[in-house]
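Student: Structure incoming, see below.
The values are calculated or read from the model by the stated rules, or taken from the named source; none is laboratory data. Remember, predicted model here, so these are calculated numbers, not experimental data. With ideal geometry, Cβ positions are generated from the backbone for all residues, glycine too; neighbour counts draw on all protein chains shown.
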Amino acid sequence: MWKRIARVNALVIKEFIHLRSDWWLPAFMLIGGAMELLLIGWATSRPITNLPMLVLDQDRSPQSRKLIIALENTETFNLDTQVEDMQTIHDRLERGQINAALIIPPDFDQQLTAADGQAALQLLLNGAESMAATNALRATEGLVRELGLGITLKRLGMEADDLSGFDPSLRVWFNEKLSEALYTTPAELGLMLEFTILLFAALTFSREKELGTLESLLVTPFSSLEIIIGKSIPVILVSFADFLILLAMVHFAFEVPIRGSLPLLLLLTLIYMLAVLGIGLVISIISSNQHQAFLLVMIVGFVDLMFTGYAAPVESMPAFLQLVAQVVPSHHWMAILRGIALKGADLSALWPNVLALVILGLVIGTVSLRFVRRALE
Amino acid sequence: MPANATTIIAQGLTKQFDSFTAVDGVDFKVRRGEIFGFLGPNGSGKTTTIRMMLGLLQPTAGSVEVLGVNVIKDPGDIRQRIGYMSQRFSLYNDLTVRQNLVFSGRAYGLGNQELEERLRFVVRLSGLEGRENARTRDLAGGWRQRLALGAAILHQPEIVFLDEPTAGVDPLSRRAFWELLYQLSAQQVTIFVTTHYMDEAEHCHHLAFIQRGKIIAHGSPEQIKAEMMSGDVLEIEPQDATCTVEALRSAQARGELPVLEVTLYGSLVHVIAPQVDQHLGAINATLTAADCRVANMTIIEPSLEDVFIASMREEQI
């Protein structure tokens with residue numbers, strides 16, 4: 001037994017020497033990850049403003065001017081130019097220079113002031129940038145609804161105070177300021193952790209195959225299990241340290257809270273890491289060189305990413321994909337991370353995800369261990 | 001184990017890859033303490049045979065026993081007792097000399113004291129004293145080969161398998177490397193070495209020629225020369241080697257000279273023929289007619305290269 005531990009220890013030391021001489025790779029994963037997090041965090045921590053917009057005011061009345069000023073005041077739009085013809089709007093939309101265009105018809109003022117008038121506005125949106133378009137639509141709709149309410153009151157001959165209608169009181173839980181950063185940075189953190197483990201694990205065997213040293217390692221008294229353990233320990237240690245640093249960054253720089261139990265989060269993260277490690281080792285053993293391993297990591301990583309809810313909520317995916325998401329460890333781990341960090345959830349709320357993660361960890365761990373052992377023997 | 005005991009027995013060893021037979025029913029025995037040379041051109045099945053003996057590759061048929069262990073069934077049982085130096089450089093380039101040796105030693109379970117002793121021995125043996133902390137990638141080819149051998153014998157194995165250990169190494173380093181092999185052999189370590197260098201083959205105690213997966217000759221270098229050489233070798237020292245070879249070959253093609261082979265041997269020309277001494281006149285006449293001047297002509301002992309080329313030629317015919 002001591003001999004086994006001494007052997008594994010020698011392998012761990014050797015792997016760390018490799019990591020030290022290839023220091024740029026862990027450094028890249030850490031610094032690159034940190035920069036990515038900062039960028040995503042900052043870019044998404046502010047509300048959307050300054051969308052370039054053009055207005056074609058065919059009415060040129062006090063009413064239309066009032067509307068334009070109100071639009072400017074929302075700060076969603078950047079309205080520095082007015083144009084005279086549709087052609088300019090058409091061209092600019094096509095070139096992507098503007099996200100939205102508002103066309104005010106010639107009879108806007110007339111329709112607005114007439115007792116039975118039907119005022120109309122035309123809003124053109126650049127649907128190719130759906131996020132900007134959605135925000136532009138939301139801002140315009142809000143403004144027009146307010147305007148419409150004002151007109152209704154005026155036509156009824158009432159003051160705003162005379163009408164106490166339905167006043168919704170909104171309260172957002174878990175992310176009071178509705179900061180996008182609270183949503184995006186944990187997702188980015190998950191992405192970084194996944195890629196770090198996958199990449200380091202994928203390089204373990206593929207590097208030795210490429211250099212031709214794996215064969216020499218296999219004729220030594222190392223058992224396949226000892227080789228796997230010895231090669232996994234550095235991967236887990238480095239990735240876990242990486243995760244802790246990035247988690248601290250997300251917490252302090254973007255005020256992502258950790259409302260639940262940190263030890264529970266770390267424990268479940270370790271289980272998640274073992275599952276990803278298993279996938280990475282399988283990639284490593286089936287690749288004959290580091291390039292192949294790297295490309296496979298990219299494919300697996302980005303497919304996994306789809307199920308973390310980063311790009312689109314899993315709940316809105318087709319039923320089949322929702323089913324697939326259930327067997328993707330990162331899907332459950334992201335739910336746990338968000339649950340513990342943002343909602344302060346504990347096991348009583350998270351148990352379905354925890355159970356799924358543990359089962360997936362066990363299954364993927366066992367299957368990949370067997371697969372890699374057989375490949376080594 | 002008594003001296004001269006058999007350490008490796010291969011019987012009918014065969015490996016097929018799809019429809020290609022890489023090793024075809026190979027039989028051989030290796031005795032303890034001998035340098036066994038496995039000789040053959042590239043792609044003849046040398047590496048495949050070694051990999052089967054190490055338990056890295058499952059044979060299609062046949063059996064191989066190393067140190068009394070059935071390698072096909074229990075490949076793990078011999079690992080502590082053998083050393084292996086693969087065709088590609090088997091050490092880690094980014095580790096230092098010492099780090100590489102320590103890793104090898106630990107892999108074989110050497111304790112601290114034993115490891116330090118063996119380390120000192122191997123460093124001295126490979127002439128790397130004072131360079132223990134040099135990165136392996138910074139060593140010249142010859143040193144790296146000796147270090148790789150050192151790493152393979154650190155745990156004092158009973159057999160060392162060397163797969164083309166001197167490929168791409170300069171002649172002086174090759175000589176130094178073979179000196180090390182002699183030393184090991186003198187200590188009763190069995191050495192199984194593959195090579196395609198004929199001069200190295202002369203250094204082996206026992207040889208097996210493998211070609212297209214089959215052993216076409218085996219025995220001591222002397223036996224092989226005696227058995228396989230169907231002629232004598234005339235060494236000609238010409239002034240213009242090209243002229244000499246062309247003149248003799250065209251005479252051979254016209255049927256005027258009953259010689260088997262005319263080959264360029266460095267700046268010399270070797271003519272292989274049965275009873276070559278009876279054709280000296282004809283050879284001289286041919287060369288004079290072609291106006292090729294000759295400084296010297298002697299009948300010599302055939303080298304293994306002569307034998308190998310002659311036997312390969314017979315195979316082709």
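Student: Taking the stated definitions as given, is B:Val97 in contact with a strand residue (DSSP E or B) (Cβ under 9 Å, 6 or more places away or on another chain), buried (at least 23 other Cβ atoms within 10 Å of the Cβ) and of a type outside the set (Ser, Thr, Tyr)? Don't jump to the end; show me each part of the working.
Tutor: On the way: in contact with a strand residue (DSSP E or B) (Cβ under 9 Å, 6 or more places away or on another chain): yes; buried (at least 23 other Cβ atoms within 10 Å of the Cβ): yes; of a type outside the set (Ser, Thr, Tyr): yes.
Against the criterion (in contact with a strand residue (DSSP E or B) (Cβ under 9 Å, 6 or more places away or on another chain), buried (at least 23 other Cβ atoms within 10 Å of the Cβ) and of a type outside the set (Ser, Thr, Tyr)), B:Val97 qualifies.
Student: Here are B:Arg124, B:Arg106: which of them is more than 22 Å from B:Asp163 (Cβ to Cβ), at the interface with another protein chain (Cβ under 7 Å from one of its Cβ atoms) and not hydroxyl-bearing (Ser, Thr, Tyr)?
Tutor: Numbers: B:Arg124 fails: at the interface with another protein chain (Cβ under 7 Å from one of its Cβ atoms).
Going through B:Arg124, B:Arg106 in turn, the sole match is B:Arg106.
Student: Just a yes or no: is a residue in segment B:99-118 farther than 27 Å from B:Gln188 by Cβ, assigned by TED's automatic domain parsing to the domain that holds B:Pro171 and assigned to a strand (DSSP E or B)?
Tutor: Within segment B:99-118, none of the residues are farther than 27 Å from B:Gln188 by Cβ, assigned by TED's automatic domain parsing to the domain that holds B:Pro171 and assigned to a strand (DSSP E or B).
Student: Among the numbered conditions (1) surrounded by 15 or more Cβ atoms within 10 Å (Cβ to Cβ); (2) under 18 Å from A:Ile236 (Cα atoms), tell me where A:His331 comes up short.
Tutor: Just one mismatch for A:His331, condition (2).
Student: Restrict the check to segment A:190-203 and report whether at least one residue is in contact with a helix residue (DSSP H, G or I) (Cβ under 7 Å, 6 or more places away or on another chain), closer than 30 Å to B:Thr48 by Cα and within 14 Å of chain B (Cβ to nearest Cβ). Reasoning before the result, please.
Tutor: From segment A:190-203, those in contact with a helix residue (DSSP H, G or I) (Cβ under 7 Å, 6 or more places away or on another chain) are A:190-203; that's our starting set.
After this cut, where a residue has to be closer than 30 Å to B:Thr48 by Cα as well, the list is A:201-203.
Filter once more, so that each one left must be within 14 Å of chain B (Cβ to nearest Cβ): A:203.
Yes, segment A:190-203 contains at least one residue that is in contact with a helix residue (DSSP H, G or I) (Cβ under 7 Å, 6 or more places away or on another chain), closer than 30 Å to B:Thr48 by Cα and within 14 Å of chain B (Cβ to nearest Cβ).
Student: Out of segment A:12-41, which residues are within 8 Å of chain B (Cβ to nearest Cβ), closer than 15 Å to A:Ala201 by Cα and not charged (D, E, K, R)?
Tutor: A:His18
Student: Follow-up. Which one of these does B:Gln113 not meet: (1) buried (at least 20 other Cβ atoms within 10 Å of the Cβ); (2) over 10 Å from B:Leu101 (Cβ atoms)?
Tutor: Answer for B:Gln113: the failing condition is (1).
Student: Sort through B:Gly33, B:Gly83 and tell me the only one that's out of contact with any Ser or Thr (no Cβ under 7 Å at 6 or more places or on another chain) and buried (at least 20 other Cβ atoms within 10 Å of the Cβ). Full working, then the answer.
Tutor: Details: B:Gly33 fails: out of contact with any Ser or Thr (no Cβ under 7 Å at 6 or more places or on another chain).
Answer to the selection: B:Gly83.
Student: State which residue pairs qualify: first residue in the same structural domain as A:Glu146 (by TED's automatic domain parsing) and inside segment A:61-74, second residue surrounded by 18 or more Cβ atoms within 10 Å (Cβ to Cβ) and of a type in the set (Phe, Trp, Tyr) in any location, beta carbons under 7 Å apart, and separation of 6 or more residues or different chains.
Tutor: Taking only residues 6 or more apart or on different chains, the pairs are A:Ser61/A:Phe108; A:Gln63/A:Phe108; A:Ser64/A:Phe108; A:Leu71/A:Phe77.
Student: Please tell me if A:Val256 is in a helix (DSSP H, G or I) and either out of contact with any His (no Cβ under 9 Å at 6 or more places or on another chain) or at negative phi (or both).
Tutor: no
Student: Tell me, which residue of segment B:155-172 that is farther than 12 Å from B:Phe89 by Cβ and out of contact with any strand residue (DSSP E or B) (no Cβ under 8 Å at 6 or more places or on another chain) is surrounded by the most Cβ atoms within 10 Å (Cβ to Cβ)? Even if it seems obvious, please write down each step before you answer.
Tutor: Residues of segment B:155-172 that are farther than 12 Å from B:Phe89 by Cβ, as a first pass: B:155-162, B:166, B:170-172.
Going one step further and asking which of them are out of contact with any strand residue (DSSP E or B) (no Cβ under 8 Å at 6 or more places or on another chain), we end up with B:156, B:170-172.
Details: B:Gln156: 14, B:Asp170: 12, B:Pro171: 11, B:Leu172: 9.
Among them, the one singled out is B:Gln156.
Student: Could you check A:Ala34 against (1) at negative phi; (2) free of Cβ contacts under 8 Å to residues at least 40 places away in the same chain and say which number it fails?
Tutor: (2)
Student: Among (1) facing another protein chain (nearest Cβ under 7 Å); (2) modelled with pLDDT under 90; (3) out of contact with any Leu (no Cβ under 9 Å at 6 or more places or on another chain), there is one condition B:Asp94 misses while meeting the rest; what is its number?
Tutor: (2)
Student: Only one residue in A:Ser206, A:Ser232, A:Ser239 is away from chain B (no Cβ under 14 Å), modelled with pLDDT of 90 or more and under 18 Å from B:Ser90 (Cα atoms). Which one? Don't jump to the end; show me each part of the working.
Tutor: Numbers: A:Ser232 fails: under 18 Å from B:Ser90 (Cα atoms); A:Ser239 fails: under 18 Å from B:Ser90 (Cα atoms).
Answer to the check: A:Ser206.
Student: Go through segment B:187-243 and count every residue that is modelled with pLDDT of 90 or more and out of contact with any strand residue (DSSP E or B) (no Cβ under 8 Å at 6 or more places or on another chain).
Tutor: 2
Student: Check A:Asn78 against each of (1) more than 14 Å from chain B (Cβ to nearest Cβ); (2) modelled with pLDDT of 85 or more and name the one condition it does not meet.
Tutor: Single failed check for A:Asn78: (2).
Student: Let me ask something else. Quick check on my filter: what residues within segment A:1-11 are β-branched (Val, Ile, Thr) and facing chain B (nearest Cβ under 9 Å)? Don't jump to the end; show me each part of the working.
Tutor: Of all residues in segment A:1-11, those β-branched (Val, Ile, Thr) come to A:5, A:8.
If the condition is that a residue be β-branched (Val, Ile, Thr) and facing chain B (nearest Cβ under 9 Å), then no residue fits.
Student: Taking segment A:34-66, which residues are part of a helix (DSSP H, G or I) and among the small types (Gly, Ala, Ser)?
Tutor: So the first thing to find is which residues in segment A:34-66 are part of a helix (DSSP H, G or I), and the list is A:34-44, A:62-66.
Residues satisfying the conditions are A:Ala34, A:Gly41, A:Ala43, A:Ser64.
Student: Given A:Ile336, A:Ile359, which one is surrounded by 16 or more Cβ atoms within 10 Å (Cβ to Cβ), assigned by TED's automatic domain parsing to the domain that holds A:Leu217 and assigned to a helix (DSSP H, G or I)?
Tutor: Values: A:Ile359 fails: surrounded by 16 or more Cβ atoms within 10 Å (Cβ to Cβ).
On inspection, the qualifying residue turns out to be A:Ile336.
Student: So, of the residues in segment A:101-138 that are part of a helix (DSSP H, G or I) and touching a Leu at 6+ places or on another chain (Cβ under 8 Å), which turns out to be surrounded by the most Cβ atoms within 10 Å (Cβ to Cβ)? First the steps, then the outcome.
Tutor: So in segment A:101-138, the residues part of a helix (DSSP H, G or I) come out as A:108-113, A:130-138.
Of the ones still in play, those that are also touching a Leu at 6+ places or on another chain (Cβ under 8 Å) are A:108, A:132-133, A:135-137.
Values: A:Phe108: 22, A:Ala132: 19, A:Ala133: 18, A:Asn135: 20, A:Ala136: 26, A:Leu137: 13.
Ranking the qualifying residues of segment A:101-138, first place goes to A:Ala136.
Student: Assuming A:Phe77 fulfils every condition listed in (1) surrounded by 19 or more Cβ atoms within 10 Å (Cβ to Cβ); (2) of a type in the set (Phe, Trp, Tyr); (3) assigned by TED's automatic domain parsing to the domain that holds A:Leu237 apart from one, which condition is it?
Tutor: Condition not satisfied by A:Phe77: (3).
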